Structure formats: C-alpha cells, structure tokens
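Each remark here refers to the structure printed beneath this line.
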Amino acid sequence: MIVERFITIIVEIFFLILLSFRYIKRYAPENLVIIPVVAVCIGSYISFTVNNAYIPLYIQICIFIFSFVLPAISIILQYNNIIITRKILYYRMKYSFFSKEYSKTIGYITKLVSYEGRKAEYLYILGICYKNLNDFINARDSFALAIDLDKNDYKSYYELGLILDETNKKDTAIVMFNKCIKIKSDFYEAKEALGICYTSQGKFKEAVNVYKKALEKHPDSYEMYYNIAIIELEVGEYEEAKAAFKKAGEIKSDLYTAFYNLGNICHILGEYDEAIEAYKKMLNSGVYGPKAYYKIAVIYALKKEYEKSMASLEYAIELDPKYIKKVREEYAFVNMKNMIDKYLIDKEILENKEKQRRNYMKDRFKLFKKKELEEDYSKDYSTNSYGVYDKVKHA
C-alpha cells in the first residue's frame, strides 16, 4: 500500500515537472492554472499519506482527476503541439467541407492558416472549395501552392491537371497528370483523365497506350476498354474496336452501347450472325430494346430471311411506332414491301376496331349513367295536384 502511494506521488511530481518545463521552454499560459491546481492536490495527497489519514472517496476522486488525469492530458496535448481550440476549428472545417458548405470552409481554412501557417492539406481542400464555387483561378493557385509544400501531393497534381485541361492548357495538364501517375501508379481517375486529354488533342495512339497501361492495374475496367474501342473505331481499326467492345460487354453485361457498337461493326464487316448476337444482348433494355429489334430485322433482311426479319420488325414497331417511318426509308426492306404493307394495314384495322370498341363502351357507360340519374330523379320527386314537383320525403 505504501509502495503504491509512493509511486503515485513520484508520477504526479513528474507530471508537475513536465508541465513546469513546458511552461518555461515554450510559453503555455494555461499551465499557470494547471500547475497550482496539481501542486495543491499533490500536497494534499502527501499530507494524507504521511499522517496515514482516511481519505474520503470524493476527495480521492478529486485528487485523481486534478493531479493525474488533468496533467496527463495536458502533457499529451502540449508535447504533441495539439491545441484544443484549433483541433475544434479543424474538425468544424472538415465537417463544413463534407457538408459542401464551401464558403464557410474557406473561412475556417483562412483562420487555420493564420494560426498554423500553410499546409498542403489545407490548400488542397481550399482548391476543391474554389473549384466547386467555379473560381478556377484561385483553385489553380491553391493546388499549385499545395504542390509547392508537398511534392508528393498527387491529388493536387490531379486537380490542377483537370483545371488546366478545362482552361484549354492541355499540354501543361498532361504534365500534371503524368506527375500524379508517377507518384501514385494506380490512380485510376488520373489515367482516365490523361487519356481523355490526349484524345481531345487528336493524339489517339498516345491515348490508347495510356488506357492499355491502365488496364495492367485495373484489368476489370470496362470504361478503359470502352474508351479504347471508341478511339479504334474513330481511326478505322475495326478489329481492335470489336475486341475492345466485346471485352467491355463481358465485364459489364448491361453496357448496351458497347453491344450496339459491336453489332454495327459486325454489320459493316458482313459478320451478320455475330451482329445479331450482339444486338440480342440489348433486347432487355427499355431504351435500346426497340433499336435492337430494328437492327436485327435489317440484318435478317440482308440475309434474305424475311420471316424472321418481319417478326423482329413487328416487335420494334410495337415498342416504338417511330420505326414505321424509318422502315419505309430502309433499303434492306425493299423485297419485303408487300409483307410490311400488309402488316401496317392489319395493324391500322386492328387499332380502328379497338378505338371503336372503346368509344362504344364509353357511349354505353354514358347511357347507363344517364338512365340511372333519371331513375333517381323520378324517385326523389312527385307531381302534386297543381302540376308542381314536390320533393318526396322518404322515411
């Protein structure tokens, strides 16, 4: 028991020395309050211990808090240069940033910089705030300053590249994206942005190389395959484009634009069966389904399989009537003119019959309602001896 008390006193005195040393070496005004409180508690504890007196529980708790807990927390904060008010300000800044209150965040960062000086983290967040407020000049300057403070700040390189690309300084943007990728080789967004930047300059070969290198780190990226396919299609490399579209569709089964483009390429190359298979993968789409049926109908017509073509065409027209006009302009259907005319005439007759049926039912409903009202009227009114209708009083 005596040993435990002795150790406790030694620890508390050690805390007191650390607080005093901190106050002397680096001015900490709060220690002017903490040190006397700790000293009083230590003195009280020593007095109780020397006299072997009973210490009430509430006094034990007070001594423990003010001579052990309080100085321990103060020492941790002070020796790690943690100022509570600034930490509170920091977390308020982070909260307002995640809440997308960008103007308020800028105000908090300004205060933090005045207290602590410039930091790459603060300037990066500041740049994001200015960017979202469409102040691209201040955003650009903030990201540039963040990079000056931290040469490994890949996020600031990326954001600066985006702003330079947006302001048509594409060569400098490419430099920023490359520096970002050099620091963080698996940064997906930077690689995609670099490829887009090359594409916008017409540097298709460089863009394809960027996307292919990105696939080494991100082999399941359907976006990268799709971007490669679009570029290869643009430059007329149909086989390369076809392979890339097919791979993108394998990764993402509902990427209907990939299947549509794949079908179109196969159509151009005369690979009709493969084109039909590509279009069939679009049939479940509410948007692309009608277009797929129409394309399949065209392919079957080219293959001279007119019955299958007509069946697909009927689906397309039922799903989207705009294909009635397109079908008359499509050369592939020239040998199906009689079949199409018969279908359209039958469709029109059927629609007229349905319209007449609806009108008949509507008229019957009106007649029924009129008769019902007349019956209600005759029940509620009777004629008196003077020929005047009186309201019938029902029991």
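The values are calculated or read from the model by the stated rules, or taken from the named source; none is laboratory data. Quick caveat, the model's predicted, so the values are computed rather than measured. So basically every Cβ, Gly included, is an ideal-geometry build from the backbone, and we count neighbours across all protein chains shown. SASA here: full protein model, heavy atoms, side chains in, ligands and nucleic acids out. Shrake-Rupley method; radii C 1.70, N 1.55, O 1.52, S 1.80 Å.
If you go through the stretch 179-198 and keep only what is out of contact with any Lys or Arg (no Cβ under 9 Å at 6 or more places or on another chain) and open to solvent by less than 70 Å² (accessible area, probe 1.4 Å), you end up with Glu192, Ala193, Leu194, Gly195.
All conditions but one from (1) open to solvent by less than 90 Å² (accessible area, probe 1.4 Å); (2) in contact with a Pro (Cβ under 8 Å, 6 or more places away or on another chain) apply to Ala292; the one that does not is (2). In a residue-by-residue description of the stretch 355-376, the property of being crowded, with 16+ Cβ neighbours inside 10 Å and either modelled with pLDDT under 90 or not β-branched (Val, Ile, Thr) (or both) applies to no position.
Applying the condition of being touching a helix residue (DSSP H, G or I) at 6+ places or on another chain (Cβ under 6 Å) and part of a helix (DSSP H, G or I) to the stretch 278-288 and asking which residue is nearest to Ala332 (Cα to Cα) yields Tyr279.
With a requirement of 1 or more residues that are over 26 Å from the mean Cα position of the chain (by Cα) and of a type outside the set (Val, Ile, Thr), the helices (runs of 4 or more DSSP H) lying completely within the stretch 82-196 that satisfy it span 84-98, 102-116, 136-149, 170-183.
Among residues of the stretch 334-349 being in contact (Cβ under 8 Å) with a residue 12 or more places away in the chain and within 16 Å of Tyr306 (Cβ to Cβ), the one that is surrounded by the fewest Cβ atoms within 10 Å (Cβ to Cβ) is Asn335. Taking the stretch 290-304 as the range and being in a helix (DSSP H, G or I) and charged (D, E, K, R) as the test, the residues that pass are Lys291, Lys295.
The rows are residues; the columns are (1) in a helix (DSSP H, G or I); (2) small (Gly, Ala, Ser); (3) open to solvent by 50 Å² or more (accessible area, probe 1.4 Å).
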residue: Ala241; (1), (2), (3): yes, yes, no
residue: Phe259; (1), (2), (3): yes, no, no
residue: Gly270; (1), (2), (3): no, yes, no
residue: Asp273; (1), (2), (3): yes, no, yes
residue: Ile276; (1), (2), (3): yes, no, no
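A residue that is surrounded by 15 or more Cβ atoms within 10 Å (Cβ to Cβ), modelled with pLDDT of 95 or more and either under 30 Å from Leu319 (Cα atoms) or touching a Pro at 6+ places or on another chain (Cβ under 9 Å) (or both) occurs somewhere in the stretch 199-222.
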